[in-house]
Structures are given as structure tokens and as C-alpha cells.
Amino acid sequence: MTALSRPARAARPAVRPAPRWAHLAAHTITLLALPSGIWRLGLALGLHLGYTEEGYRTVCPPGFWGPGYLVLLAVLSEGAALSALGLVQRWGEVVPRWIPVIGGRTIAPSAVLIPAWAGVAVLAVLWTPLAAWWSMPGDDMTPAGHTVVGFLYLPLVAWAPLLAALAVAYRRRRRREPARVTSP
């Protein structure tokens, strides 16, 4: 081998691909957070978007921190939604090679499943009550704004069950194959 030739790459570990429905569910999760995130960005830009003047000042106080908080919340929500892709993509099973020191190593399923199930619990607590949005008071919002915001946040109710289904599929795919018993 010359100094310029590349060493042969190690064989990639065999990974069963995620089912088609899991890919669809993961991509759907990334879209669920978009409507509320875009709405938050509009609030951060100074648009009242369904709030009364007083309600808007409560949600987005003047200064840097009110809008900054809304932008941060929108970005973190979409980032969390995008992390669901790790349950169906190769980078959720093997650390990408470009990452120093640990690149190419297999990720332990528990390192993915523990945060996934914690996310399911948090998301269920946060978003499931929104299924009853229209029965909640909206004193700081206009009637039309209360309705529109309900439709923007309603998709988030599906986030926890979809993530739970992805976690189950990930676990099934990553578990070791049991020893096969053959009959005589």
C-alpha cells in the first residue's frame, strides 16, 4: 500500500431498515411543529396574530427577551421534532463518521430509547390537553384568534403517540435476533 492510497473501509454493521410507515411518521412529526413555530416567529416579529393588545404584551413582553424566548422556543420545538428522524435513519444507530473520536461507533439502543420515551411522556403532558382547546378560556385572544391558534396547535396532540410508535419500531428493529430453535 502506498502512502497515498486509502485504507479499506470497515464493513458497516448490518442494520435492518425502518418500515415505510415509520419513515412517514418521522417526517410527519417534523411537520407537526411547523405551524405553531411559524406562529411564534410571527409573534416575535411583532404581529399580534390573534391576541388582544394586553394578551400580546403578556405573551411577548417588550424588549429582547420576549421575542427572543419565542424564537428560541420555535427553534427548539422544531429541533426536537427533527430528532425523531434519528429513529428511522442510520445516524440514529451508528454515529456519523465525520464526528471526531466516536464516529462510526454503534449507538446503544438505550441511548436513543430513553430520551425517546422521556420525550413521549413530556409531549403527552404538554400537548394532550390541547385536544380540548376550544373549551379552554381565551380571554386574552380574539374569538377568531382563539380558533386559529387552536388549529395551529392541534397537530401537536399527535406528536406523543407518533413518537411512541417510532420508539417501539426502533426497539423491534434494534433488538438482537433470538436464537432460532429448529424442530427435528
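The values are calculated or read from the model by the stated rules, or taken from the named source; none is laboratory data. Small disclaimer: the values here were computed from a predicted structure and weren't measured. Every residue, glycine among them, receives a Cβ derived from its backbone with ideal geometry; neighbour counts consider all protein chains shown. For accessibility, only protein heavy atoms count, side chains too; no ligands or nucleic acids. Shrake-Rupley method; radii C 1.70, N 1.55, O 1.52, S 1.80 Å.
A few comments on the model shown:
- Degrees, to the nearest 10: 143-153 long Cα axis against longest axis of the chain: 10
- Within the accessible area of the chain, the carbon and sulfur atoms contribute 69%, probe 1.4 Å, all protein chains present.
- Tilt relative to the chain, helix 65-82 - C-alpha long axis, 0 to 90 degrees, to 10: 30
- Relative intensity, log₁₀ I(q)/I(0), of the chain from a Debye sum that treats every alpha carbon as a point, q = 0.08, 0.11, 0.13 Å⁻¹: -0.39, -0.64, -0.80
- Computed over the alpha-carbon atoms, region 66-105 gives an Rg to Rh ratio of 1.20, Rh here being the Kirkwood radius from the mean inverse distance.
- GNM result for the chain, Cα springs below 10 Å: residue of 173, 90, 16 fluctuating most strongly: 16
- With the simple spin-label model, which puts each label point 7 Å out from Cα in the Cβ direction, the residue 107 to residue 136 separation comes to 3.1 nm.
- Debye log10 I(q)/I(0) for region 88-137, one point scatterer per Cα, at q = 0.21, 0.25 Å⁻¹: -0.78, -0.91
- For the peptides 122-132, 72-82, residues were scored by their other Cβ atoms within 10 Å and the scores averaged per peptide; the highest-first order is 72-82, 122-132.
- Per residue, the solvent-accessible area of the chain (1.4 Å probe, heavy atoms of protein chains only, all protein chains present) comes to 65 Å².
- Average Cα contact separation per residue, the chain, under 8 Å, 6 or more apart, as relative contact order %: 31
- Taking the C-alpha atoms only, the angle from helix 109-127 to the longest principal axis of the chain is near 20 degrees.
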